[in-house]
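Enquirer: The following block contains the structure, expressed as structure tokens.
The values are calculated or read from the model by the stated rules, or taken from the named source; none is laboratory data. Note that the structure is a prediction, hence the values are computed from the model and not measured. Glycine gets a Cβ as well: all are built from the backbone with ideal geometry, and neighbour counts include every protein chain shown. These accessible areas exclude ligands, DNA and RNA; they are computed on the full protein's heavy atoms, side chains included. Shrake-Rupley method; radii C 1.70, N 1.55, O 1.52, S 1.80 Å.
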Amino acid sequence: MSMRIPEEFLTLLREKVDIVDVVSEYVRLKRVGRSLVGLCPFHSERTPSFHVTPEKGFYHCFGCGVGGTAITFVMEIEQLSFMQAIERLAEKSGLPIPKVEGEPLESEDRRRRTELFEVNALTTKFYNHILMNHPVGAQGLSYLLERGLTKKTIVQFQLGHAPGNGRELVRFLRKRGFSVDVLVEAGLGLINSDGELFDRFRNRVMFPIGDLQGRTVGFGARTLVGEEPKYVNTQETPIFRKGNVLYGYPHARQGIRKSGKVLLLEGYMDVIALHQHGIPHAVASLGTALTQEQAAILRRVVADEVMLLYDGDMAGQKAALKSIEILRDMGVPIRVAQLPKDLDPDEAVRIRGEDGFKTEILDKAISALQFQLLQLTHRHPNHMTSDRIDYLRDAIQILSGESSSIEREAMIEWLSKTYSISLAALKDDLQMQLRQKSQHEYTNARVKKWDTSTGVRINTISDQTRSDNGERLPLKHEVAERQLLVYMLLDSEVVKQVQMSVHSEFSLPLHSALQAYLYTFYAEHERADPELFLSTVDDSAVLQFAVKLLQEAIGITDPEKKPDPQGVRDYIQCLIGYDLEREMTRVSASLKTAIEQGNSAMMKQAEEELWQLRNELVQHTPVTGSMHTPIIGRRSGR
């Protein structure tokens, strides 16, 4: 963490920022006990293991182990530095960035990104003004009105018109103080061979593209003069990657939260038309095939399902099949709505109206599995006659990839009725496929345990005590360290006790690292403040470990309750005893050397030290059975 940030500012920021609001922009959360739970945005999972604890201001995923505060969440989810995340949250909260020694607390990278957001926001207003108020924009306005959009919708989506003379925008932005470098970097200006700056977009209807927060990060542009390509997008910039955003998401956010569903389309006009006709949960993948990053966004925000609604032509159907594969791998429930071959969603909703579109298209959506089976018929033109057996073999292969046994059962019954094949025969073939797949997965899992370059099995666990499932059990002193770290996070008095009594580093690297961070924090703070402490940790592994300890402790005990004094003493005594045992091992080695060398003086000194250490060990060993049950962690192996 940058120590230039005043602690008073961090405290104020924590008071202003609600971690639930921050996380909810990316993850659909449901309350479960003290926590809010959702699908982790940092790894693929089907069962929610991502927990947010509002009263403590931190999050933790029990699946992949990530955790932290609102600051670290923004850092991870948007790939920002600590300073950039602070600045982002300050901006969101309306807090002015403080100054230290006359210098603004803002990075050069942050200033550049801010300029790019500002220039895109101003450009959005410029294009919209030209479209709605200037004769130059009349052609663009006529085109949009002819496509059935109302002026209210045009304003809602801030659509615009790029003039055709090639100089209007850059001239306007230069007068507003933006440099040539910024205009070029933002993808709004180009420099010709004569070194002259001109507009990147000309004679086009402009579609502002917003990020998840609704800030314009780029533009889609449709030609009005028959120029190819028909649609072009902003080039990739520091704030825009086409595969990382979903068109219309800022407008669809509330509709998605309310319905738990997303309607995924292909084009700008499709999204806008559906929103205008009362279908507010529609978004698009910017006319490209769905990317892993876009699918990850959908997985985070959708509770019930993603419904695909692509064009009815062959290209649209192929794109749907590819999207199904990506979304299924992410564990996202999928259905597919189908359109006639000659229609796209924009045309269909204008022809049928809201009610007709819902009843005739959306309500008749089919499962992704059935859609795949229907699309398979294109590879088998004679699937009802001479190609029937080959079709059914391929269909069984598709069914074997579906994790839902209910879906498989429904579709195998459909195949049986449609193709007049006995249900028993189809089930036999499906079971064979499932067994082969299971064996293949088992073999792959076994292979991963071996180093294929040497043929030697990889074993990263030492031959210490193991649990029934083969995992190494923590030793008693490791359990004691872990439990004391929990108490130290929650109570400054325990830190003082440990510092006075335990004169060595904790034994495990992660334990000793967290110990050092806690000592540093409490050297400057009298009272425990877990959330503030987490904001001072700049090592991601230590941060995640600390959050994990706090989250597990909160799930089992009341963090406001003071630790049991006897329990603290027992854990400290355990660590002192461990230190004494290590010292005895060292002295025993010296005694052995002295005996081998026949050095009587050294032997006598070593024996005296051992006698003294044994006495101390007896004094510091807790009575059998008195060691407290740890709040967290597994039973010890010793």
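Enquirer: Taking 0.36 nm per residue of separation and subtracting the Cα-Cα distance, what length does fully extending Thr418 through Glu354 add?
Expert: Taking Thr418 through Glu354 to full extension adds about 19.8 nm, to one decimal.
Enquirer: When a/c reaches 1.5 or more, the comparison of a/b and b/c decides; with that in mind, is the chain rounded, prolate or oblate per its Cα gyration tensor? Write out the running numbers ahead of the final one.
Expert: On the way: a/c = 2.69, a/b = 1.53, b/c = 1.76.
It comes out oblate by the Cα gyration axes.
Enquirer: Another question, if that's okay. When the solvent-accessible surface of protein heavy atoms is calculated with a 1.4 angstrom probe, in what order do Lys242, Lys318, Lys476, Lys56 fall, highest first?
Expert: So, going from the largest accessible area down, we get Lys318, Lys476, Lys242, Lys56.
Enquirer: Ranked highest first by average number of other Cβ atoms within 10 Å, how do 138-145, 23-30 line up?
Expert: Ranking the peptides 138-145, 23-30 by packing returns 23-30, 138-145.
Enquirer: What does the extension gain come out to for Gln213 and His525, with contour length at 0.36 nm per residue minus their alpha carbon separation? List each step's numbers first, then the result.
Expert: Working: separation 312, 0.36 × 312 = 112.32 nm, distance 3.54 nm.
Gain in length upon complete extension: 108.8 nm.
Enquirer: Roughly how many nanometres apart are two label points built 7 Å out from the Cα toward the Cβ at Arg435 and His134?
Expert: 7.2
Enquirer: For Ser35, what charge total do you get from the other residues with a beta carbon under 13 Å from its beta carbon, if Lys and Arg give +1 and Asp and Glu give -1?
Expert: That sum, taken over residues with Cβ under 13 Å, equals +2.
Enquirer: Based on the mean of other beta carbon atoms within 10 Å per residue, what is the order of 39-49, 262-272, 5-15, 529-539, most packed first?
Expert: Packing order, densest peptide first, comes out as 262-272, 529-539, 39-49, 5-15.
Enquirer: Taking a spot 7 Å from the Cα of Glu91 along the direction of its beta carbon, which residues of segment 111-142 have an amide N less than 11 Å from it?
Expert: 111-121
Enquirer: Also: If a/c stays under 1.5 just call it rounded; otherwise compare a/b with b/c (prolate if a/b is bigger, oblate if not). Do that for segment 45-154, with a ≥ b ≥ c from the square roots of the Cα gyration tensor eigenvalues.
Expert: Here segment 45-154 falls in the oblate category.
Enquirer: Hey, another quick one. Along the Cα→Cβ direction, 7 angstrom out, place labels at Lys496 and Leu190. What is the inter-label distance in nm?
Expert: For the pair Lys496/Leu190, the computed spacing is 7.0 nm.
Enquirer: Cα gyration tensor of segment 225-371, axes a ≥ b ≥ c as square roots of the eigenvalues: rounded (a/c below 1.5), prolate (a/b > b/c) or oblate?
Expert: Cα axes put segment 225-371 in the rounded bin.
Enquirer: Let me ask something else about it. What ranking, highest mean first, results for peptides 482-495, 421-434, 81-94 when packing means the other Cβ atoms within 10 Å averaged over each residue?
Expert: Working: 482-495: 22.4, 421-434: 14.5, 81-94: 17.9.
Highest mean packing first, the order is 482-495, 81-94, 421-434.
Enquirer: Can you tell me the length gained on complete extension of the stretch Lys427 to Glu8, counting 0.36 nm per residue apart and subtracting the Cα distance?
Expert: The span from Lys427 to Glu8 would gain 144.2 nm if fully extended.
Enquirer: Rounded to the nearest 0.05, what FRET efficiency is calculated for Gln370 and Asp538 with R0 set to 60 Å and r the Cβ-Cβ distance?
Expert: E(calc), rounded to 0.05, equals 0.75.
Enquirer: Treating only the Cβ atoms of Lys and Arg (+1) and Asp and Glu (-1) as charged, compute the dipole magnitude of segment 172-230 about its Cα centre; round to the nearest 20 debye.
Expert: Values: 9 positive and 8 negative charges, 64 e Å.
Around 300 debye, computed over segment 172-230.
Enquirer: What is the distance in Å between the Cα centres of segment 269-333 and segment 50-98?
Expert: Rounded to whole Å, the Cα centres lie 28 Å apart.
Enquirer: First compute the accessible area of the chain with a 1.4 Å probe, then give the percent of it belonging to carbon and sulfur atoms.
Expert: It is 50 percent, rounded to a whole number.
Enquirer: Can you compute the FRET efficiency between Arg393 and Glu293 using 1/(1 + (r/R0)^6), with r the Cβ-Cβ distance and R0 = 45 Å? Round to the nearest 0.05.
Expert: After rounding, the FRET efficiency stands at 0.80.
Enquirer: Could you work out the local net charge near Glu78, counting Lys and Arg as +1, Asp and Glu as -1, over the other residues with Cβ closer than 14 Å to its Cβ?
Expert: Computed value for this residue: 0.
Enquirer: Show that you can apply the helix-only estimate: for the chain, add -39,500 (n - 2.57) for every DSSP H stretch of four or more residues, divide by all residues, and state [θ] at 222 nm to the nearest 500.
Expert: Working: 25 runs with 332 residues, N = 638.
Taken over the chain, the calculation gives -16500 deg cm²/dmol.
Enquirer: Along the Cα→Cβ direction, 7 angstrom out, place labels at Glu108 and Asn382. What is the inter-label distance in nm?
Expert: Taking the simple label geometry, Glu108 and Asn382 are separated by 7.1 nm.
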